[in-house]
1. Any idea what the alpha-carbon Rg over 2.2 N^0.38 Å comes to for region 201-273?
2. Within region 154-222, list the trypsin sites (Lys or Arg not before Pro) lying in a DSSP loop whose Cβ has at most 15 other Cβ atoms in a 10 Å radius.
3. Cβ under 11 Å from Ile263's Cβ, Ile263 left aside: what net charge do those residues give with Lys, Arg +1 and Asp, Glu -1?
4. Using alpha carbon centroids, what distance separates region 1-55 and region 242-275, in Å?
5. Express the relative contact order of region 64-192 as a whole percentage, based on alpha carbon pairs under 8 Å and six or more residues apart in sequence.
6. Under the Kirkwood approximation applied to all pairs of distinct alpha-carbon atoms, what is the hydrodynamic radius of region 1-107 in Å?
7. Suppose a student asked you for the relative contact order of the chain, using Cα pairs under 8 Å spaced at least 6 residues apart; what percent would you report?
8. Using mean Cβ contacts within 10 Å as the protection proxy, how do 35-48, 82-95 order, highest first?
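The values are calculated or read from the model by the stated rules, or taken from the named source; none is laboratory data. This structure is a prediction, so every number in the text was calculated from the model and none was measured. Methodologically, a virtual Cβ is constructed for each residue, glycine included, from the backbone with ideal geometry; neighbour enumeration extends over all protein chains shown. The accessibility values were calculated without ligands, DNA or RNA, using every heavy atom of the protein model including side chains. Shrake-Rupley method; radii C 1.70, N 1.55, O 1.52, S 1.80 Å.
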Amino acid sequence: MKYKITHHTNYIFDSKVFLEPHYLRFRPKRTPYAEVLLHELTILPEPIGHRTASDEENNLVDLCWFEELTGNLSIEATSIIETQPYNPFDFIIHPQKYYQIPFQYARQQQELLFSTLGKPKLSKALIKYGATIQKASDYNTLQYVANLTNQIHQDFKVEYREVGAPMLPDNTFQTKKGSCRDLSWMQINLLRHQGFAARFVSGYFYFDMDEPNYELHAWVDVFLPGAGWVGIDPSHGILTGNAHFPIATSAHFENTMPVSGGIRGSASSRLKTELYIEKI
């Protein structure tokens with residue numbers, strides 16, 4: 001199966017500004033089930049310099065720099081991806097002790113996973129929510145990860161919010177609603193509190209719609225020894241499959257933003273985005 005992804009991003013300023021160097025994250029990752037056949041960027045104003053590089057967490061990012069004043073920044077990213085059949089449950093956990101929780105990663109794993117671990121401060125109610133699901137899952141690692149993801153999907157209302165950082169995990173838990181990034185950030189922090197390595201994923205998700213209206217999506221990666229990084233999507237209550245196309249993964253959600261960079265000038269701006277995903 002092939003998919004064409006066209007992502008338009010347009011910043012409109014109310015007066016001319018000078019663009020500082022910008023990091024762009026629109027390039028889909030190659031995965032075991034997906035090959036990136038094409039990726040093109042059209043940027044206006046045209047940058048005087050453009051370099052594609054690998055960041056600290058092995059994401060491919062495009063750094064662009066500019067020289068002229070402008071009233072807008074327009075980015076069009078076009079990608080073509082070819083996917084293969086994929087079973088997200090086709091893995092084992094090894095060594096076998098990791099099938100039961102709580103567990104502790106080996107020392108070398110802890111060092112490599114350090115930024116995605118930690119014990120964040122969470123409310124007693126959120127901690128109890130996770131502990132209750134663990135007990136109902138007989139403390140089985142796979143059952144718990146799947147059940148937690150599905151339970152969040154059932155208990156929380158997904159709302160669209162175009163801009164802004166994820167809400168604090170406890171705020172999301174109290175209101176029982178949030179954007180995909182809010183639910184993902186809450187689940188990441190709960191998993192970390194329970195000893196799992198977890199990170200934030202930004203990308204695209206295709207599913208059939210009567211009236212297509214796609215948005216940049218967010219989900220979670222959890223590290224299970226033997227299986228590696230396993231994608232889970234609390235907004236839909238599923239393990240990620242071959243219709244999830246990751247762009248950037250990070251221990252810190254800020255490092256997955258599609259556009260990051262500053263301006264010189266006193267202008268305010270408004271953002272307009274459009275995302276199209278089609279089978280070809």
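1. Values: Rg = 15.6 Å, N = 73, 2.2 N^0.38 = 11.2 Å.
Region 201-273 yields a ratio of 1.39.
2. Working: sites: Lys157, Arg161, Lys176, Lys177, Arg181, Arg192, Arg199; in loops: Arg161, Lys176.
Within region 154-222, the qualifying trypsin sites (Lys or Arg not before Pro) (loop, at most 15 other Cβ atoms within 10 Å) are Arg161, Lys176.
3. Working: positive: Lys16, Arg264; negative: Glu20.
Neighbour charge sum, excluding Ile263 itself: +1.
4. 10
5. Working: 82 pairs, mean separation 28.0, N = 129.
Here the relative contact order equals 22 percent.
6. Taking the inverse mean of 1/r over all distinct Cα pairs, region 1-107 comes out at 17.2 Å.
7. Details: 589 pairs, mean separation 82.5, N = 280.
RCO, the chain: 29 percent.
8. 35-48, 82-95
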